[in-house]
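The values are calculated or read from the model by the stated rules, or taken from the named source; none is laboratory data. Only a predicted model underlies this, so the values are computations on that prediction, with no experimental measurement involved. Every residue, glycine among them, receives a Cβ derived from its backbone with ideal geometry; neighbour counts consider all protein chains shown.
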Amino acid sequence: MTMRRIHASPKHLAQVEDGLVLLDRLKRKYGPTLDAVIEFERTCREIVEVETETKFCVGCEVNWRSGWGISASARTLSKKRADAARRLENWWRRRSTIWR
């Protein structure tokens, strides 16, 4: 078996240590594990998506005047908001339970 030597540069070691510090900071702020941090990020992205759709629906006055388009958009938006709220609530409960 051939043994290879590891050549670690101080610059690369500093980059790795900086990355570990960043991961620890994210875990302190958003959850005790990286999975919790990733779940929080996903939930935030979904909320932003819902807010973007809300802005789009507000701009759909033409559909509102036609009668049917806005109600379909509103139902879709309401469902997405409820789903996002449920996921955020579940994330918050898991986070609170873990840190007790």
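The single condition among (1) in contact with a Phe, Trp or Tyr (Cβ under 6 Å, 6 or more places away or on another chain); (2) modelled with pLDDT of 85 or more that residue 70 does not satisfy is (2).
So if I check each of 93, 65, which one is part of a helix (DSSP H, G or I) and either among the small types (Gly, Ala, Ser) or at pLDDT below 75 (or both)? Being part of a helix (DSSP H, G or I) and either among the small types (Gly, Ala, Ser) or at pLDDT below 75 (or both) holds for just one of 93, 65, which is 65.
Here is a check on your reading of the model: is residue 37 surrounded by 12 or more Cβ atoms within 10 Å (Cβ to Cβ), modelled with pLDDT of 80 or more and of a type in the set (A, V, I, L, M)? Walk me through it before giving the result.
On the way: surrounded by 12 or more Cβ atoms within 10 Å (Cβ to Cβ): yes; modelled with pLDDT of 80 or more: yes; of a type in the set (A, V, I, L, M): yes.
Against the criterion (surrounded by 12 or more Cβ atoms within 10 Å (Cβ to Cβ), modelled with pLDDT of 80 or more and of a type in the set (A, V, I, L, M)), residue 37 qualifies.
Exactly one residue among 42, 100 is modelled with pLDDT under 85 and among the basic types (Lys, Arg), and that residue is 100.
Looking across the stretch 1-30, just one residue is of a type in the set (S, T, N, Q) and part of a helix (DSSP H, G or I), and that is 15.
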